């Protein structure tokens with residue numbers, strides 16, 4: 001049995017994540033998310049940057065007092081006053097952690113801090129000692145570590161460790177490094193500080209090149225035992241390493257990376273959605289682990305396999321992260337097996353002939369709509385169940401309408417196999433279309449008694465479902481149709497009603513043939 005090495009999850013959603021443009025949280029929202037992160041099982045909650053504003057100080061203070069099962073960190077610069085105020089903000093925590101940082105790259109030292117390397121080393125030593133006098137747990141971060149000279153970076157982390165730091169963080173502040181390069185840097189830092197004190201080496205990776213998670217995993221291979229990350233990978237610029245991706249990568253690939261975390265993975269989805277809702281930052285549909293499409297399957301080949309064994313196209317179970325189930329998405333790439341599966345789930349069983357008809361019409365609809373909803377499919381089934389002998393078949397309908405135009409329509413129908421067409425005007429495009437159909441089939445006695453239209457689904461490309469009732473000589477017939485174009489849906493519903501009307505007249509008077517009803521329409 002593989003022995004798993006524990007890894008600390010340091011969550012920075014409330015500090016680095018909140019620094020995403022537009023993601024500012026209220027104090028109450030930060031406390032609410034902190035409690036969710038505690039339930040999720042993170043080891044450290046970085047509550048904020050207390051000296052940045054009075055409101056931030058108060059939020060960190062309340063989080064420190066509210067959380068009891070994990071460490072609460074406050075970020076601070078190296079100034080003595082900043083350190084004291086940050087320590088005051090987190091003093092109510094059961095497990096407080098002071099997190100102090102200073103840049104170590106020449107670029108930052110020269111252009112931002114105006115410091116020499118010797119001055120930076122003295123500043124690190126003093127700041128870490130000050131932090132250690134106020135907190136038993138101190139983390140030192142070497143900002144822009146991955147663009148620092150390795151020789152000086154090792155001097156800086158040795159100085160921090162000798163001064164009392166319990167955690168040494170090696171941030172890839174601008175997402176610059178590559179996995180192999182970062183692993184080697186972590187190995188060098190571990191080798192440098194291990195003889196000095198039993199410190200934890202931490203990785204904090206940004207996603208500017210899309211490598212934050214890969215670099216974090218590489219750091220673990222190099223000896224890091226803490227990873228700093230954010231829910232949904234939010235953060236400055238392109239964001240941070242995504243907590244849910246790191247955690248599930250370790251869970252799924254224990255064969256290659258023998259690490260464990262305290263994360264209750266079944267809470268990942270709900271926590272992700274709450275972070276998205278409160279920050280106003282949507283989760284991209286194809287986002288790994290928690291995206292809407294992470295367990296969705298549209299391709300027919302995939303759907304067919306998934307219905308037999310989910311392992312064919314899923315490397316983890318959706319319930320592991322708090323998802324209800326895999327989702328079969330019906331679209332233009334879907335196959336007949338997926339359609340039958342959906343209908344069976346809805347309690348609808350169709351004979352093969354009707355299923356074929358519904359499938360063909362579903363494919364036509366999928367070519368027109370970006371997304372086909374369950375309600376769309378059920379509408380097609382409902383229409384199929386109202387299907388009648390097609391003496392009349394709608395070939396096409398064309399309308400012209402506008403606020404300064406008289407509505408006009410042309411209808412083309414196949415009537416008992418012959419193509420006929422007719423034109424008409426009306427009070428509106430639907431009225432004009434129905435009148436054109438009446439002229440095409442050659443009837444003036446059919447009266448429209450009821451007409452209803454509703455959107456089957458939401459969105460600008462929603463299908464319109466039309467239900468209407470017609471009467472001729474006391475015989476009543478109903479027609480139903482759905483289409484993304486309301487005029488087409490209306491025309492098809494009317495034609496369906498005419499078919500049923502003709503069929504009922506024929507059944508009512510079997511000795512007399514039903515009227516041909518196409519004397520007026522011109523053949524073409």
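The values are calculated or read from the model by the stated rules, or taken from the named source; none is laboratory data. All of these numbers come straight from a predicted model, not from anything done at the bench. Using ideal geometry, Cβ is built from the backbone for each residue, glycine included, and neighbour counts are taken over all protein chains shown.
A few points about this structure:
- Flag for residue 158 being under 28 Å from residue 88 (Cβ atoms) and either assigned to a helix (DSSP H, G or I) or assigned by TED's automatic domain parsing to the domain that holds residue 188 (or both): no
- Residue match in the stretch 379-392 (condition: touching a helix residue (DSSP H, G or I) at 6+ places or on another chain (Cβ under 8 Å), at pLDDT 75 or above and closer than 30 Å to residue 425 by Cα): yes
- Within the stretch 464-482, the residues that satisfy the criterion of being closer than 21 Å to residue 363 by Cβ and either surrounded by fewer than 19 Cβ atoms within 10 Å (Cβ to Cβ) or in contact (Cβ under 8 Å) with a residue 60 or more places away in the chain (or both) are 465, 480, 481, 482.
- Condition check for residue 35: under 23 Å from residue 320 (Cβ atoms) and buried (at least 24 other Cβ atoms within 10 Å of the Cβ): no
- Look at (1) within 39 Å of the chain's Cα centre (by Cα); (2) in a loop (DSSP other than H, G, I, E, B) and you find that residue 115 fails only one, number (1).
- Residues that are free of Cβ contacts under 8 Å to residues at least 60 places away in the same chain and over 16 Å from residue 276 (Cα atoms), drawn from the stretch 1-34: 1, 27
- Of the numbered criteria (1) in a helix (DSSP H, G or I); (2) surrounded by 17 or more Cβ atoms within 10 Å (Cβ to Cβ); (3) at pLDDT below 90, the one residue 431 fails is (3).
- The stretch 110-126: number of residues that are in contact with a helix residue (DSSP H, G or I) (Cβ under 7 Å, 6 or more places away or on another chain) and either outside the structural domain of residue 77 (by TED's automatic domain parsing) or within 19 Å of residue 168 (Cα to Cα) (or both): 5
- Helices (runs of 4 or more DSSP H) wholly inside the stretch 162-258 that include at least 3 residues being surrounded by fewer than 16 Cβ atoms within 10 Å (Cβ to Cβ) and either in the same structural domain as residue 133 (by TED's automatic domain parsing) or at negative phi (or both): 179-193
- Answer residue from the stretch 49-92, given it is without any contact (Cβ under 8 Å) to a residue 40 or more places away in the chain and in a strand (DSSP E or B) and is nearest to residue 266 (Cα to Cα) among those: 72
- Of the criteria (1) surrounded by fewer than 18 Cβ atoms within 10 Å (Cβ to Cβ); (2) at pLDDT below 95; (3) in a loop (DSSP other than H, G, I, E, B), which one residue 277 fails: (3)
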